[in-house]
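Shown next, in structure tokens, is the structure this report addresses.
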Amino acid sequence: MKVLILAGGFGTRISEESQFKPKPMVELGGMPILWHIMKLYGHYGFNDFVICAGYKQHVIKEYFADYFLHTSDITYDFTHGKNEMIVHQNHSEPWRVTVVDTGLNTMTGGLVKRVKEYIGNEPFMLTYGDGVSNGNLKELLAFHQSHGKLVTISAYNAGQRFGVLDIDDEGRIREFREKTQGDGNLINIGFMVCQPEFLDYIDGDDTVLEKAPLERAAKDGQLMAYKHEGFWQCMDTVREKALLEEMWAQGKAPWKVWED
């Protein structure tokens, strides 16, 4: 199953670093947050990634172009007038990574629509490139497969900043909307599973995933919530980056579910 990661935004709220690189390439503990997200998926056996890139997309491509080299023990042998490189041991993950330039100003829904040819006619996972979680992705997938609807999104109680979900007792999302004053509902944190038919809900580059497509899916009874009660944190600001860095440095990063 392919994992789509939305990595095309400008990251304006963390511009201190995103002026030099895409926000998913901002580092935590010396590795991009994108790597942390991929490690989570890889831990549960999901290793086929499609990165929807835009702003400074070359940085992401160059990172993966060098990834095998950077995770190998290598001897460079110049003794016979040649430049020989001998790889002794490689520590890279069994990932397949497709990086797609999905446009500089493409909205989140448009990013997904642009990679339709790489998805095929199969269900796919979908998440944002700026948030980490300790959610069990196999359980998420099992829940999605159990209800037969088009989309499952992970829901989490994280305050008042994000899109609000009105969820019934069976987990069906009756309404998806932007927050208003006084809301205390569960919010969309990404970590979604989608049927390929959901792509028909997305018109084109100007479509915001969190508006018309998910709102329509909710009205059609095709949007379900998987309630996540563990850890989740996005990295929108320098303060949030510092919080995650501190957790990592102290060896108390809840999202690190994989072994070294």
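The values are calculated or read from the model by the stated rules, or taken from the named source; none is laboratory data. Remember, it's a predicted structure, so these values are computed and weren't measured experimentally. Because the Cβ atoms are built from the backbone with ideal geometry, glycine has one as well, and the counts that use them run over all protein chains shown.
Residues are listed down the side, and each one gets a yes or a no for (1) in a helix (DSSP H, G or I); (2) of a type in the set (Val, Ile, Thr):
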{"residue": "Val97", "(1), (2)": "no, yes"}
{"residue": "Thr106", "(1), (2)": "no, yes"}
{"residue": "Val112", "(1), (2)": "yes, yes"}
{"residue": "Gln145", "(1), (2)": "yes, no"}
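Checked against (1) closer than 22 Å to Gly110 by Cα; (2) assigned to a helix (DSSP H, G or I); (3) within 19 Å of the chain's Cα centre (by Cα), Glu215 meets all criteria but (3). Screening Ser92 with (1) within 21 Å of Gly109 (Cβ to Cβ); (2) part of a loop (DSSP other than H, G, I, E, B) gives one miss only, at (1). A residue that is within 24 Å of Leu199 (Cα to Cα), in contact (Cβ under 8 Å) with a residue 60 or more places away in the chain, in contact with a Gly (Cβ under 9 Å, 6 or more places away or on another chain) and surrounded by fewer than 20 Cβ atoms within 10 Å (Cβ to Cβ) occurs nowhere in the stretch 38-54.
Residues satisfying the criterion are present in the stretch 43-54 (criterion: part of a helix (DSSP H, G or I) and either under 23 Å from Met25 (Cα atoms) or in contact with a strand residue (DSSP E or B) (Cβ under 8 Å, 6 or more places away or on another chain) (or both)).
Which one is nearest to the chain's Cα centre (by Cα), of the residues in the stretch 244-260 that are surrounded by 14 or more Cβ atoms within 10 Å (Cβ to Cβ) and assigned to a helix (DSSP H, G or I)? Let's see the steps before the verdict.
In the first step, residues of the stretch 244-260 are kept if they are surrounded by 14 or more Cβ atoms within 10 Å (Cβ to Cβ); the result is 244-245, 247-248, 253, 255-257.
Still in the list and also assigned to a helix (DSSP H, G or I): 244-245, 247-248.
Values: Leu244: 16, Glu245: 19, Met247: 20, Trp248: 19 Å.
Taking the candidates together, the pick is Leu244.
Can you find even one residue in the stretch 142-165 that is touching a Ser or Thr at 6+ places or on another chain (Cβ under 6 Å), surrounded by 11 or more Cβ atoms within 10 Å (Cβ to Cβ) and farther than 30 Å from Leu186 by Cβ? No. Within the stretch 68-102, the set of residues being surrounded by 12 or more Cβ atoms within 10 Å (Cβ to Cβ) and under 19 Å from the mean Cα position of the chain (by Cα) comprises Glu93, Trp95, Val97, Thr98, Val99, Val100, Asp101, Thr102.
Against the numbered list (1) farther than 20 Å from Met192 by Cβ; (2) part of a loop (DSSP other than H, G, I, E, B), Val87 comes up short only at (2). Scanning the stretch 114-143 for residues that are assigned to a strand (DSSP E or B) and among the small types (Gly, Ala, Ser) yields Gly131, Ser133.
Can you work out which of the residues in the stretch 218-236 that are loosely packed, with under 14 Cβ neighbours inside 10 Å and within 20 Å of the chain's Cα centre (by Cα) is nearest to Gly131 (Cα to Cα)? In this case the residue turns out to be Gly230.
If you go through the stretch 31-67 and pick out every residue that is on the phi > 0 side of the Ramachandran plot and either of a type in the set (A, V, I, L, M) or modelled with pLDDT under 95 (or both), you end up with 1. Do you know which residues across the stretch 195-252 are polar (S, T, N, Q), closer than 23 Å to Leu140 by Cβ and out of contact with any Gly (no Cβ under 8 Å at 6 or more places or on another chain)? Listed by number, the residues that qualify are Gln195, Gln222. Within the stretch 191-212, the set of residues being buried (at least 21 other Cβ atoms within 10 Å of the Cβ) and assigned to a loop (DSSP other than H, G, I, E, B) comprises Phe191, Ile202, Leu209.
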